[in-house]
Amino acid sequence: MLRQMWSALTGRNRRLLDLAEIEANCTILASTFAGRQTVSLSQIRGTATSARRYDFDADFRPLKSHSESRWQHIAAVRRRGVKLTPVALVQVGNTYFVEDGHHRISVAKAYGEQVIEAEVIVWRVTGPLPWEQAIAALA
């Protein structure tokens, strides 16, 4: 709640980027399966599932109480040392969007991990990306 209040006060958006905005504003030239990769958690900034945009903040902290039991289950599995399945990501430029694995990413970040294993699909797009347009508008 404090982060939401700070976001409101500073005007900084703390929501995940939404892959649907890219689909609406850019032309997708190619979609290529890039295989399993180790991805920096700091590059995962959005979601491919629009509904999830409101379940996690930009740091993948859960915003809804309905996520609590799933989050706790994944954290418990991780504490036992069980290897979790790779998350599924879409890469656009240097930014990644989560198709599957929001809770696994959230738990990894909470435990201070820097990277995560992922199955990655790379989109090559034309046109300015929505977050680039926002930065250009401020300049």
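A few points about this structure:
- A full extension of the chain between Lys83 and Gln43 corresponds to an added length of 12.2 nm, given 0.36 nm per residue minus the alpha carbon distance.
- P(r) tail for the stretch 15-125: Cα pairs beyond 17 Å make up 51% of the total.
- Spin-label model distance (nm) - Ala34 vs His66, 7 Å beyond Cα toward Cβ: 3.2
- Of the trypsin sites (Lys or Arg not before Pro) in the stretch 33-123, those whose Cβ has at most 13 other Cβ within 10 Å and which sit in DSSP loop: Lys64, Arg80, Lys83
Any read-out appearing in this document is the output of simple, stated calculations on the displayed coordinates, not a laboratory observation. None of these values were measured; they are calculated from a predicted model. Because the Cβ atoms are built from the backbone with ideal geometry, glycine has one as well, and the counts that use them run over all protein chains shown.
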